[in-house]
Amino acid sequence: MRARFGLAGVVLVALTLSLGAQTDVGGEWDITLKTQVGETTWTATFEQDGSMLSGKVDLGDREILPLKGTVEGNAIEFVFVMPDLDGDQPINLSGTIDGDMIEGDDGSFSWYGTGNWTGARQGS
């Protein structure tokens, strides 16, 4: 009887730890933004420390911007700021991680318009 409770306790602890585990998004990702003004592709490089994200977004034409964000379980949120003559424009992205893919939420992305986005880990 004692062995049963011991095994059940181990299983319960393992389930609790796996539910609280963070998904690893470290590395380079192709981010595709689809809005009414067209499709735009960027490269995001994520550096992850627990639930905290940092890194950069390469928009092309030598425009590389820092990003900050979080990962909670399989949910990701990050922001980077686009410099603009009318004032800096934050671009906020959130979505759900599924292995080497991210299904982005619909949102409003400053002058890019409204739409959705996806992410694909490079090399996958």
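Sorted from greatest to least, the principal axis extents spanned by the alpha carbons of the stretch 22-121 come out as 37, 23, 20 Å.
Note on Arg62 and Glu39: with the Förster distance fixed at 30 Å, the Cβ-Cβ geometry gives a FRET efficiency of about 0.90.
Quick note: the coordinates plus some simple rules give every number you see, no bench work behind them. What you see is a predicted model, and the numbers here were worked out from it, not measured in a lab. In this analysis, Cβ positions are derived from the backbone assuming ideal geometry, glycine residues included, and neighbour counts consider all displayed protein chains.
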